[in-house]
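Have a look at the structure below before the remarks.
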Amino acid sequence: MLCVNNYTQKYIDECRSRVAAQVSAYQTLVVAVRNQAATDVPLLNAAIEAFEPHFFNNMALTLECYFVHRARAIEKKDGNPLNEVRMLCNSMVNNNNRMCADKTIKFDPAKSVLKYQIGDEIRLNEADFIRLSSAYFAEIESKYL
């Protein structure tokens, strides 16, 4: 597929809606399980904590997939949220969930959304993903509309 220089607002809104629906499904599941399983709360909390990073790491991969063909010249290489998601996803897929450098991106952890350092284990939680996806969609809209 050729690179994409712009996306319609409709497409961006549909992707945002799909992401919101998946986050909402996660939240509904957690609330329902917590309401049903009041007998062994520590075990339940441990199960949710174990599941959460798998779910939200995969949600980051989903974000990247929606806009994977975006033009890199428009994206830039300045460490913006699009670069951050690209690096997170490449690290998850190719570096066993450990943040790795990308020599083509000027990444500064202090200026990033999630502040991951090179070598950190990537374990996104709900709050991380919501912050990251909000910044990601804002950057998509600012550069590709």
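The values are calculated or read from the model by the stated rules, or taken from the named source; none is laboratory data. As the structure is a computational prediction, the values presented were derived from the model and not from experiment. No Cβ is skipped: glycine too gets one built from the backbone with ideal geometry, and neighbour counts run over all protein chains shown.
Here are a few things to note about the model shown:
- Residues that are over 15 Å from the mean Cα position of the chain (by Cα) and of a type in the set (Val, Ile, Thr) within segment 13-28 comprise just one, 28.
- Criterion violated by residue 102 - all others in (1) outside any helix (DSSP H, G or I); (2) surrounded by 18 or more Cβ atoms within 10 Å (Cβ to Cβ) satisfied: (2)
- For residue 85, the criteria (1) assigned to a loop (DSSP other than H, G, I, E, B); (2) touching a Phe, Trp or Tyr at 6+ places or on another chain (Cβ under 6 Å); (3) within 15 Å of residue 64 (Cβ to Cβ) hold in every case but one, which is (1).
- Single match in 64, 14 (criterion: in contact (Cβ under 8 Å) with a residue 12 or more places away in the chain, among the charged types (D, E, K, R), under 27 Å from residue 91 (Cα atoms) and assigned to a helix (DSSP H, G or I)): 64
- Criterion violated by residue 19 - all others in (1) without any contact (Cβ under 8 Å) to a residue 40 or more places away in the chain; (2) in contact with a Leu (Cβ under 9 Å, 6 or more places away or on another chain) satisfied: (1)
- Residue within segment 38-54 that is in contact (Cβ under 8 Å) with a residue 24 or more places away in the chain and among the β-branched types (Val, Ile, Thr) present: no
- Considered as a group, the residues in segment 40-82 that are crowded, with 18+ Cβ neighbours inside 10 Å and of a type in the set (A, V, I, L, M) include one that is farthest from the chain's Cα centre (by Cα), and that residue is 82.
- Of all residues in segment 29-46, none satisfies being out of contact with any helix residue (DSSP H, G or I) (no Cβ under 7 Å at 6 or more places or on another chain), in a helix (DSSP H, G or I) and under 30 Å from residue 108 (Cα atoms).
- Leading residue by the ranking (farthest from the chain's Cα centre (by Cα)) among those in segment 83-139 that are over 20 Å from residue 16 (Cα atoms) and of a type in the set (Phe, Trp, Tyr): 107
- Checking each residue in segment 7-39 for being surrounded by 14 or more Cβ atoms within 10 Å (Cβ to Cβ) and either aromatic (Phe, Trp, Tyr) or modelled with pLDDT of 95 or more (or both) picks out 7, 11, 12, 15, 16, 19, 22, 23, 26.
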